[in-house]
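This report refers to the structure that appears directly beneath it.
The values are calculated or read from the model by the stated rules, or taken from the named source; none is laboratory data. For clarity, every value in this text was computed on a predicted model and none was experimentally measured. Please note: Cβ atoms are built from the backbone with ideal geometry, for glycine as well, and neighbour counts cover all protein chains shown. Just so you know, the surface numbers come from the protein's heavy atoms only, side chains and all, with ligands and any DNA or RNA stripped out. Shrake-Rupley method; radii C 1.70, N 1.55, O 1.52, S 1.80 Å.
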Amino acid sequence: ATFSHRIAVTRQTSLPMTFKGGQQGLHGVGHPNGLKHIKGVKMAEPKSSLKTGSPSQLLRDLPLPLHGLSQAEKESFISALSANHRVAMDVKCQTTMCFQRFINAEMMSEQDVQDMKTLFNSVKEKRGLKGPPRVVFVNATEHGGGVAEMRLDTVALMRDLGAQAKWLVIDGADAFYKSTVHMHEGIQNPRYAPLNQKQIEYFHLTNVANFLRLEQDHSPADIDILWIDDPQPIGIGLIVKTLFPQTLVIWRCHVHVDAEESIGSFVHDLVMGNLRDGRDDVITSFLKDREYDKNHAGAFDAVVFHEKHFAANLKMADHPGVHMMPPCINPLAFKNMLINNSLVETTLVKYGVMQPRVTRSACVPPFVLQVSRFDPYKGPLELITAFVEATKRLPLSLQLNVALVMVSSLPGDNPSGIRLARLLQEYVDSLDLSAFPEEMRAGNPNDLRKRIFLLMLDDKTPWERLCERLAKISGFDTDRLAGVDKEIQELAEFGVEEIVDRLETSGLISPDLARNLLKDPLPTGVAYTPEQKSATQQVLNEARARRHPGGTALTARRASCGSLNGKEINAFEVSALQSSALVKVQFSSKEGFGLTVSESLVKRLPGYEGVMVTTLVGGIRAQAAACECLTIEYPPEEVAASLAVYRSLPDHPDQAYWAGLFKEMASRKSVSELINHIQHAATMTDAQRVRMSKSAREGVLTNFSTWVNVHNIIKGIALAARVEFDNEAPVPKRPRTNS
């Protein structure tokens, strides 16, 4: 994974306000939300003055007791934290997203906005806030994943409601991230390895360091509402709630919860303010330094999950602030705009799914699609098995043309991801095709194995990788680096060697630096074909004509000069695949959001309507309840069996091993249902497919749009503030469609 702490140039906020360091901050010097104005809340000022110095130095100076780490390991870790220090915690949230755009698109009404404002005003009144509420969202990364993707729009829409909202991202180092990856896996798997004391102390040290930075840059006394996403920053929430009890602190869990005991207990205790001797001595000692007793650690005011049983699995069902929130997508994002046939065809041609159109009779082949990282929890081996078995049951005309496309991001430097990608290809190569017609067997023109595509999309372009190399070796300060990066993006239509030559010729870099930038291997990455570039310009021009928010003049100009970034190119390519797939699959055994379901369903391209097949796990369950899909209940015993298979995969299985695994997987109840659903979805009438596709899209727009998510955030804040309102768990609304 690529974490924000590895990005050389980070982004700073541009808000119509400033949070000042120190105990008083803005609130202490007469801000309308000053502490003395909050009704019914006993104030508690920190008993020790704010210390000066870098967070890393302050952390070194604290006499924190360690039971797992040595002092040398502590010093090394603090040095790594310091080296990965972000320029600013703030993420730049310059977006023009607002509620009026949803109203104009007829996705919400003026009354919906008024309802949110009324509830938000009730929170202000309950808390005695005279000015705009200050809302701070904190998480571990600004890049990748559902949380980071939704947060920009969330902040913009919260501001549209009158809040002074901002988004902060914490610092981290490899040992911390390895610990939190362990927590992430273990919170979903009761048989996972327990946390050890070293991992816990890396976690605590990181949270203390980030609180010290928060205290200096964004005084916690100035924060009215602190929203913590996922386990990584939980310690910050506990410290803030303990030292500043007037702040509303909310924790949002974005993952499936079926936790290993030690990991579940650790997360539960931090959220509930229960600090244990020995395990949590780092936090306890820090609070003691501030003259606070561990027995007075603050519990979070609200906890937010996808489903009620997730709260029960973390022993939080009795918490007075339990709130249910479904996942969401932004249907107005450029990645969800209406595309055209040309972009579909040029993308499929690029990846070999269809041949270039040389005659009028050429057409897009029917294909089954899953967009998910290659991961045991996404069932890639099961999907390949089900596709082969379902193809046996299709009419010959479909058998000869149908394809399977599995799309993942590049596994990067993740050894397990690289290994699984290799094993998936070996599994495809080993398939026994003897039951198929001669022309579909191995080595023949219509070899079915050649119609199974394992696509790993690079999310960086060559020019972006050139910027990364420049950041590592140039020694430029951040402002100069940002200026050269902008010049590189302007030159993105040229190859890397020509870009470097132009930078040197213009005097922006030295000859020595130019030579070092061009050392082998040259930066590589994802690139648009000329045909895709032309099709994308057409899509953007059409979007601008429809006044779609994604069809901006700036995006169109960058598309025309070839300077779209890798994530934008990926978004257009994935949109092309999702818009044209005959059958869309999400065969997850465990899931957090599962937003690829809604992202697939919201796509529309007349003549290419597809049907979704999905398992009912995590956040997908709510999506399937609101959107017409073909669904699969995944038996717990088969989930366990599936994960056991992936954990025990040999490095180089032989043909007999793969054949036995194919037979075992095909016999599972969940895979049998997947086979039946693929067959049914591929052979239903066009009228049925159009009806299901339309119903599913309307279900997404009604229940899982960004504005609905913001309404649910306001409800979570109101619950934390103990404002009385109707907080029944939202029941997904399925739109009515004609049979």
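As a calculated quantity, the FRET efficiency between LYS315 and VAL181 at R0 = 22 Å, using C-beta atoms, amounts to about 0.45.
Can you check what the net charge comes to around VAL428, using other residues whose Cβ is under 13 Å from the Cβ of VAL428 (Lys, Arg +1; Asp, Glu -1)? Counting the neighbours of VAL428, the net charge comes to 0. A probe of 1.4 angstrom, applied to the heavy atoms of all protein chains, finds LYS130 with accessible area near 130 square angstrom. Cβ-Cβ distance of ALA687 and ASP112, R₀ of 30 Å, FRET efficiency by 1/(1 + (r/R0)^6): the value works out to about 0.35. Of all DSSP-defined beta bridges confined to the chain, some 0% are antiparallel rather than parallel.
Would you mind pulling out the separation of the Cα centroids of region 261-338 and region 507-578, in Å? Computed from Cα coordinates, the inter-centre distance equals 40 Å. For the chain, build the charge dipole from Cβ charges (+1 Lys, Arg; -1 Asp, Glu) around the Cα centre, then report which of ILE569, GLY131, LEU212 sits farthest towards its positive end. Value computed over the given set: GLY131. Fully extending the segment from GLU438 to CYS561, taken as 0.36 nm per residue of separation minus the present Cα-Cα distance, adds 39.5 nm. Other residues lying with their Cβ under 12 Å from the Cβ of LEU582 contribute a combined charge of 0, Lys and Arg counting +1, Asp and Glu -1. Computed from point charges on the beta carbon alone (+1 for Lys and Arg, -1 for Asp and Glu), the dipole magnitude for region 529-617 about its Cα centre is near 300 Debye.
Sorting 460-466, 638-644 by their mean Cβ neighbour count within 10 Å, with the most densely packed peptide first, gives 460-466, 638-644.
Along the charge dipole of the chain, pointing to its positive end and built from +1/-1 on Cβ of Lys, Arg, Asp and Glu, which listed residue (ILE200, TYR528, ILE283) has its Cα farthest out? Of ILE200, TYR528, ILE283, it is TYR528. Dipole magnitude for the chain: about 1480 debye, using +1 per Lys or Arg Cβ and -1 per Asp or Glu Cβ, origin at the Cα centre.
Taking region 578-666 on its own, what percent of its Cα-Cα pair distances exceed 19 Å? In whole percent, the share of Cα-Cα pairs in region 578-666 beyond 19 Å is 51. Give me the net charge of THR96's neighbourhood, meaning all other residues with Cβ under 15 Å from the Cβ of THR96; Lys, Arg count +1, Asp, Glu -1. For residues surrounding THR96, the net value is +3. Taking a 29 Å limit on the Cα-Cα distance, which of the listed pairs LYS486/LYS584; LYS92/LYS378; LYS241/LYS460; LYS350/LYS603; LYS178/LYS378 fall beyond it? In this structure, LYS486/LYS584; LYS92/LYS378; LYS241/LYS460 exceed 29 Å between Cα atoms. Tell me whether region 208-308 comes out rounded, prolate or oblate; compute the Cα gyration tensor, take square roots of the eigenvalues as a ≥ b ≥ c, and use a/c under 1.5 as the rounded threshold. Oblate is the answer for region 208-308, as a/c is 1.5 or above yet b/c matches or exceeds a/b. When peptides 161-167, 420-426, 480-486 are ranked by their average number of other Cβ atoms within 10 Å per residue, the highest-first order is 161-167, 420-426, 480-486.
Taking 18 Å as the straight-line reach from the Cα of LYS117, the lysines in range (excluding those fewer than 8 positions away in the same chain) are LYS126, LYS130, LYS715. Each residue, ASP654 and SER672, gets one label point 7 Å from its Cα in the Cβ direction; the gap between the two is 3.1 nm.
The relative contact order of the chain comes to 15 percent, based on Cα pairs under 8 Å that sit 6 or more residues apart. Relative contact order of region 283-327, taken over Cα pairs closer than 8 Å and 6 or more residues apart, is 34 percent.
If you plug the beta carbon distance of ASP61 and VAL645 into 1/(1 + (r/R0)^6) with R0 = 60 Å, you get a FRET efficiency near 0.75.
Calculated mean residue ellipticity, 222 nm, the chain: -14000 deg cm²/dmol, from DSSP H runs (n ≥ 4) at -39500 (n - 2.57) each, averaged per residue and rounded to 500. Give the Debye-formula value of log10 I(q)/I(0) at each listed q (0.14, 0.23, 0.24 Å⁻¹), with one equal scatterer per alpha carbon of region 479-524, two decimals each. Here log10 of I(q) over I(0) equals -0.30, -0.82, -0.89. In plain terms, the chain from GLU542 to ASN295 could stretch by 82.8 nm, reckoned as 0.36 nm per residue minus the Cα-Cα distance.
Taking only alpha carbon atoms, region 580-739 gives an Rg to Rh ratio of 1.06, where Rh is the Kirkwood radius.
For the peptides 524-533, 206-215, residues were scored by their other Cβ atoms within 10 Å and the scores averaged per peptide; the highest-first order is 206-215, 524-533.
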